[in-house]
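Every number here is computed from the coordinates shown, using simple stated rules; none is lab data. If you're wondering where the values come from, they're calculated on a predicted model, not measured in any experiment. Cβ placement follows ideal geometry from the backbone for every residue including glycine, while neighbour counts extend to all protein chains displayed.
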Amino acid sequence: MPFSNFNLTGIYFFLLFLFFFQTQPIWTQTYKPGNQKPDQLKEKQESTKDKEDEPAVQIDVTHEIATDWVWRGQSFGGEYLARRNNASYKEISESPTYIPVARVGHSSGFYFELEANIALKGRTDRDSDGRLQSFPGGREVQGQRFFDRLSSGNVSPDPQGNSIFLDPANNVYGDKCDLTNPTAPLNKCLVNPTRINTYNEKNGMARTDGLFTTIAYQLEAGKFGDFTIGSWWYSKKDRNVRSAWNEIFIWWELPFFQKSLNPTIQSFTQTSYDVGGGYGNQ
């Protein structure tokens, strides 16, 4: 069955069921002393003792400063900063990022984690294109055409209804203008000519700040490997773009080479509406 057909509510109830009703280990194995060497028995006893000494709840906090914030092989910081600064692209992108992580884990296998990404450079908006605009983020106004009309002193509308206050063909109109009928009496299309200027684009690195929130369950299944099932949400500070999305994931850490290569099969599916970013079911 494809993961996209999973019932999200059912998965959450399953996680809660495991958390509140798990009184016995999910995976157990029986060891007979007669079939084991003394060293194996000692190692097993020490491992069991170490697990018994672990606290039921463990909190871990880590701090990291990275040269870029990269997620699933894609730069979400360095390339954005290069566009903001009109800089040429590099083979290795650079955007210093502070990444704090706080994780609360329970001995049953459940954990809750917060991971943030905070840009440390170029956080403010700046004018990157140098274009004349009627409002921030507006289309380019042809300066020669606008200033010729302004310098001539002819501020009255021409036969097409265009003037220094309104010229849709030259992108001179207000940010709340309905271009389907720009001359309508109540339409907010007229522009103060003094506002035809250059504006900062919405490109400050502070807009890339975000927060991962994860809740998951880890199952140690002995000779079958380890399994993790959970869900995470990512929220961005910039509300002018897609600000949040959600995924359900299942990981299987294969039962061989765990201490060296730790091979893992990962599968995830988006449950948020917009999957246009290229990350659907994988």
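Modelled label positions at S152 and Q58, each set 7 Å beyond Cα in the direction of Cβ, lie 7.8 nm from each other.
Calculate, for F165 and V101, the FRET efficiency according to 1/(1 + (r/R0)^6) with r their C-beta to C-beta distance and R0 45 Å; round to the nearest 0.05.
Here the calculated transfer efficiency is 0.25.
Rounded, prolate or oblate: which fits segment 166-231 when a ≥ b ≥ c are the square roots of the eigenvalues of the alpha-carbon gyration tensor, with rounded for a/c under 1.5 and prolate only if a/b beats b/c? Prolate, since a/c reaches 1.5 and a/b exceeds b/c.
By how many nm would the segment from T264 to D178 grow when fully extended, if each residue of separation counts as 0.36 nm and the alpha-carbon distance is taken off?
Details: separation 86, 0.36 × 86 = 30.96 nm, distance 5.31 nm.
Fully extending the segment from T264 to D178 adds 25.7 nm.
Note on segment 99-141: Cα-only Rg and Dmax are 21.0, 62 Å. Here each label is just a point 7 Å from Cα along the line to Cβ, and for R195 and R139 those points are 1.8 nm apart.
The residues neighbouring R123, those whose beta-carbon lies less than 11 Å from its own, together hold a net charge of +3 under the Lys/Arg +1, Asp/Glu -1 convention.
What is the Cα convex hull volume of segment 75-200 when expressed per residue in Å³? Mind dumping the intermediate values first?
On the way: hull volume 23.9 nm³, N = 126.
Value for segment 75-200: 189 Å³ per residue.
Only Lys, Arg, Asp and Glu carry charge here, each on its Cβ (+1 for the first two, -1 for the last two); on that basis segment 80-137 has a dipole of about 140 debye about its Cα centre.
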